[in-house]
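The values are calculated or read from the model by the stated rules, or taken from the named source; none is laboratory data. Keep in mind the model is a prediction, meaning the values are calculated, not measured. Here Cβ is always computed from backbone atoms with ideal geometry, including for glycine, and neighbour counts include all displayed protein chains. Accessible surface areas use protein heavy atoms only, side chains included; no ligands, DNA or RNA. Shrake-Rupley method; radii C 1.70, N 1.55, O 1.52, S 1.80 Å.
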Amino acid sequence: MASTFPDPHPGTPAALTVPAPAAPPAEDRPGRIEVHGVDHIPDAERHGRPRELFSIWAAANVNYLSLVVGGALVLMGLTLWQALAVIVVGNLFWVLTGLLATSGPAAGAPSEVITRAMYGVIGNRFNNAVLGWLVSVCYFALNLAAAATAAFALVEMAGLTPGTGVKTAVVLVIAALTLAISVYGHALIVRLYLPITLLLTAAFAVVAFAVLGHADFAYAPAKPLTGTKLWAALAAGVSLIAAGPLSYTTSADFSRYLPRTSSPKAVLGWTAFGAFMPSFVVTALGALAATAVDMTDPETALRALLPGWFYPAFLLALVLGTIAVNALTAYSAGLALQAVGIRIRRSVSVLFDGTVAVALTLYGLLFSSLLDTVSNVLQLTVVLIGPAMAVYATDIALRRCRYDGLALVDETPGGPFWYTAGVNWAGAFALGAGVAASALCVNTLYTGPVAAALGGLDLALPAGMVVSAALYAVLMRRDATVLRARAAA
């Protein structure tokens with residue numbers, strides 16, 4: 001089989017010398033529905049600068065769930081400074097999200113297509129069905145429920161009773177705003193997310209002022225954790241925080257329109273920094289608030305800390321932040337559905353994903369504990385997404401971020417990424433082994449044998465990532481050798 005580390009596609013050297021367009025092409029403007037889906041973005045349609053990625057990721061990470069997670073760390077029994085250390089370590093995984101984003105400009109394709117290099121054309125369809133579409137729709141539903149809860153409080157403050165009809169209308173309005181951004185796509189996201197970032201920053205600056213005025217910087221629980229229990233809480237906390245950045249194995253979706261000549265360091269840096277800073281700050285505010293109030297009911301607890309005049313604005317900020325993160329989630333879910341092999345337009349796939357997520361949300365909020373079940377299932381996603389992130393990052397390192405976008409969109413049996421029967425068994429085995437190793441070490445909904453032997457210490461995240469990355473590097477060593485030889489020639 002030919003090496004899957006191809007030389008750049010014919011015509012690429014010339015394209016490298018072409019300057020980026022001064023303005024977005026007509027196909028990618030805020031007032032037009034984005035026409036591209038999982039197809040290749042031609043060089044003539046590439047535009048923008050890496051720094052625009054900062055606001056995209058910043059807006060998506062100023063949100064309510066980060067406050068909740070920060071408070072949860074203190075509720076787990078950590079001291080304030082232990083919780084802050086966990087927040088720093090967990091958020092460092094945004095560097096991997098930034099690394100994956102570098103593959104977008106290199107290939108001119110979304111992550112859902114680039115991963116064909118790791119799993120093959122057919123194998124990648126399964127990867128997108130589970131890790132792309134299913135997980136994204138579940139996250140959309142949970143985030144939508146969180147936004148709806150804040151909106152219900154606003155409805156009550158307006159003097160209305162949030163009955164079934166009102167709740168349904170609120171969910172539908174929030175979902176419609178979210179899906180409108182996702183349907184119009186990349187250009188509208190780039191245009192909107194800078195002002196959204198500024199608005200959310202202003203709102204959370206007020207939150208920070210209020211929280212810092214009440215926080216106990218010397219906080220420690222009455223019975224501090226020690227020994228194995230402490231390490232178990234620290235490991236669980238890091239996994240909880242890291243689940244956020246690790247869930248974005250689709251970060252190339254938002255960098256693929258950048259010119260091929262864009263600096264990989266700039267793409268990595270602006271993505272990682274844009275996500276790290278707000279995520280760290282907001283999660284830290286949640287931990288600081290937990291030293292002053294009981295964060296088991298974050299909405300009520302935070303209301304006690306905030307000025308009365310500001311509380312409605314705070315609720316609106318929570319809704320806006322959730323719309324921002326869910327628009328990215330729905331956008332990627334739409335691409336994942338296309339990459340599974342369903343031949344529909346990206347805009348239609350986004351609307352379908354939104355419909356499924358809205359149905360899950362309404363059923364969970366109004367009729368059952370379905371969202372609790374979905375939330376519990378997502379606790380186990382670290383078992384899947386950690387190894388998947390590691391395989392993707394290792395592939396970028398092996399290929400030195402050299403991807404032929406035109407070859408990647410070739411789905412024919414004779415294409416370079418068909419591998420054997422449509423599956424790259426190196427990627428499949430590496431992912432499977434990483435998931436198995438992670439499952440043995442997990443301690444969430446169930447306790448794996450390794451976690452049980454270690455007194456409840458959950459090492460699922462590092463175990464899965466190390467095993468999958470190492471095995472993938474070994475199994476792909478032949479192609480890596482070819483790549484190094486070409487680079488030296």
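A few notes on this one:
- The set of residues from the stretch 278-317 being touching a residue at least 60 places away in the same chain (Cβ under 8 Å), not small (Gly, Ala, Ser) and not in a helix (DSSP H, G or I) comprises THR291, VAL293, MET295, THR296, LEU306, PRO307.
- Search result, residues across the stretch 264-277 that are open to solvent by 20 Å² or more (accessible area, probe 1.4 Å) and either of a type in the set (Gly, Ala, Ser) or touching a residue at least 60 places away in the same chain (Cβ under 8 Å) (or both): PRO264, ALA266, LEU268, GLY269, TRP270, PHE273, PHE276, MET277
- The single residue among GLY104, GLY123, GLY108 that is within 30 Å of ASP43 (Cβ to Cβ) and open to solvent by 10 Å² or more (accessible area, probe 1.4 Å) turns out to be GLY123.
- Residues in the stretch 363-399 that are more than 20 Å from the chain's Cα centre (by Cα) and at pLDDT 90 or above were compared, and the one that is most open to solvent (accessible area, probe 1.4 Å) is ALA397.
- Just one of the listed residues (TYR139, TYR193) is modelled with pLDDT of 90 or more, assigned to a helix (DSSP H, G or I) and touching a Ser or Thr at 6+ places or on another chain (Cβ under 8 Å), namely TYR193.
- Any hit, the stretch 234-241, residues being among the hydrophobic types (A, V, I, L, M, F, W, C), touching a residue at least 60 places away in the same chain (Cβ under 8 Å) and in contact with a strand residue (DSSP E or B) (Cβ under 9 Å, 6 or more places away or on another chain): yes
- Evaluating LEU234 against the criteria (1) more than 30 Å from ARG29 (Cβ to Cβ); (2) in a loop (DSSP other than H, G, I, E, B) leaves one unmet condition, (2).
- In the stretch 149-171, the residues that are farther than 16 Å from THR300 by Cβ, modelled with pLDDT under 90 and assigned to a helix (DSSP H, G or I): THR164
- Among the residues listed as THR228, THR261, the single one being open to solvent by 10 Å² or more (accessible area, probe 1.4 Å), assigned to a helix (DSSP H, G or I) and hydroxyl-bearing (Ser, Thr, Tyr): THR228
- Residues that are modelled with pLDDT under 95, within 22 Å of the chain's Cα centre (by Cα) and of a type in the set (A, V, I, L, M) number at least 2 in the following helices (runs of 4 or more DSSP H) confined to the stretch 422-489: 460-475.
- Failed item in (1) open to solvent by 60 Å² or more (accessible area, probe 1.4 Å); (2) within 23 Å of VAL121 (Cβ to Cβ), with PRO416 passing the rest: (1)
- Residue list for the stretch 105-133, filter: closer than 15 Å to ALA393 by Cα and among the basic types (Lys, Arg): ARG116
- Residue ID - surrounded by the fewest Cβ atoms within 10 Å (Cβ to Cβ), chosen from residues in the stretch 44-81 that are of a type in the set (Ser, Thr, Tyr) and over 22 Å from ALA141 (Cβ atoms): THR79
- Every residue from the stretch 82-92 that is out of contact with any Leu (no Cβ under 9 Å at 6 or more places or on another chain) and either of a type in the set (A, V, I, L, M, F, W, C) or surrounded by fewer than 21 Cβ atoms within 10 Å (Cβ to Cβ) (or both): VAL88, LEU92
- Breaking point among (1) open to solvent by less than 40 Å² (accessible area, probe 1.4 Å); (2) under 19 Å from LEU318 (Cβ atoms), for PHE280: (1)
- Across the stretch 61-99, the qualifying residues are those that are under 23 Å from ALA218 (Cβ atoms) and of a type in the set (S, T, N, Q), and the one among them that is farthest from the chain's Cα centre (by Cα) is THR79.
- Restricting LEU134, LEU99 to those that are open to solvent by 40 Å² or more (accessible area, probe 1.4 Å), part of a helix (DSSP H, G or I) and modelled with pLDDT of 90 or more reduces the list to LEU99.
- Qualifying residue in the stretch 27-34 (condition: more than 18 Å from ALA232 (Cα to Cα) and either hydroxyl-bearing (Ser, Thr, Tyr) or at pLDDT 95 or above (or both)): no
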